[in-house]
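To start, the structure under review is shown below, and the notes come after it.
Nothing in this text is a laboratory measurement; each read-out follows from the coordinates by a stated rule. Worth saying up front: this structure is predicted, and the values here are computed from it rather than measured. Note that each Cβ is placed from the backbone with ideal geometry, even for glycine, and that neighbours are counted across all protein chains shown.
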Amino acid sequence: MKARDYINSDNNKLLIENIGEKRFNHTIRVVETAEKLAKFYETNIESAKIAAYFHDCGKFLDKSLIWSKAEKYGLDIEDEMRQSPQIIHGFLAAKIIENDYGIEDIDILNSIRYHTTGRTNMSTLEKVIYISDYIEPGRSFEGVEIVRDMIYKNLDMALYTALNQTINNLIVNDIYIAKNSFLARNYYLLEYKR
Ligand SMILES: [Fe+2]
Ligand SMILES: [Fe+2]
C-alpha cells in the first residue's frame, strides 16, 4: 500500500490524540527527512514514509499507558527493557501497526523496532529511519550538525557518530545502555572506514 493510504487526516487525528501535537510535528519532520534520504540512498520511499510516520506511535502522552498497551498488544517485556524503558516504544509501535494496520513488511517493522537503539547490519531503510529521527530539522542538540554534515557523504559514518553521541549521553547521565546500541556502535566503527 502507498503512504497516502496511512498518512491521512483520520490517522493524523488518532496519532495526535495518542502522542500529542509536539511529537506529531516531530513525526511529520521525520517523514519529510526520511523521504529525502530514501530518495538519495535509493531505498523504497513509500516504506520510508510509512515507517517514519509510525515510528513513535508507541509513545503515549500518558507515559504510564506503555505497560498496559504492551500487554494489550502481546509485547514481551524483556529484562533489558525494564532497565531501559525508552527502548520499548519502538517494539510496541511495530506491534501496533502490525495489529491495527496489517503492516507486515519486515523492513518497515524492523526500522521502527530499532529506531531507538540501532543494531548491527542495518538495512538502508533502518539507517534512514534512525538518522532521520536523529537529525530532523527540529533537533538542535549539541553535535547534531556534525551528523547532518555527514549524511549525504557517508551514511555509515553518520550512523556511527550518532550512536557514539547517544551512548556518550547515556554514560554522562548514568543511564543503562541497551546492548544493541553498543554492538551497533562497534559494528559501524569498523564499517564506516571500509
Ligand atoms: Fe522514538
Ligand atoms: Fe522520534
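A few remarks follow.
- Residue exposure sequence - 33, 166 - by fewest surrounding Cβ within 10 Å: 166, 33
- Loop GluC sites (Glu not before Pro), the range 12-52 (other Cβ atoms within 10 Å of the site Cβ: 14 or fewer; DSSP): 42
- Neighbourhood charge, 14 Å Cβ-Cβ cut-off, centred on residue 69 and excluding it, Lys, Arg +1 and Asp, Glu -1: -3
- Of the trypsin sites (Lys or Arg not before Pro) found in the range 1-45, those in coil by DSSP whose Cβ has at most 15 other Cβ atoms within 10 Å are 2.
- Electrostatic tally near residue 17: other residues with Cβ closer than 12 Å to its Cβ, Lys and Arg +1, Asp and Glu -1, net -1.
- With R₀ fixed at 41 Å, the C-beta to C-beta distance from residue 32 to residue 62 puts the FRET efficiency at about 0.90.
- Loop GluC sites (Glu not before Pro), the range 53-96 (other Cβ atoms within 10 Å of the site Cβ: 16 or fewer; DSSP): 78
- Summing +1 for each Lys or Arg and -1 for each Asp or Glu among the other residues whose beta-carbon sits under 14 angstrom from that of residue 193 gives +1.
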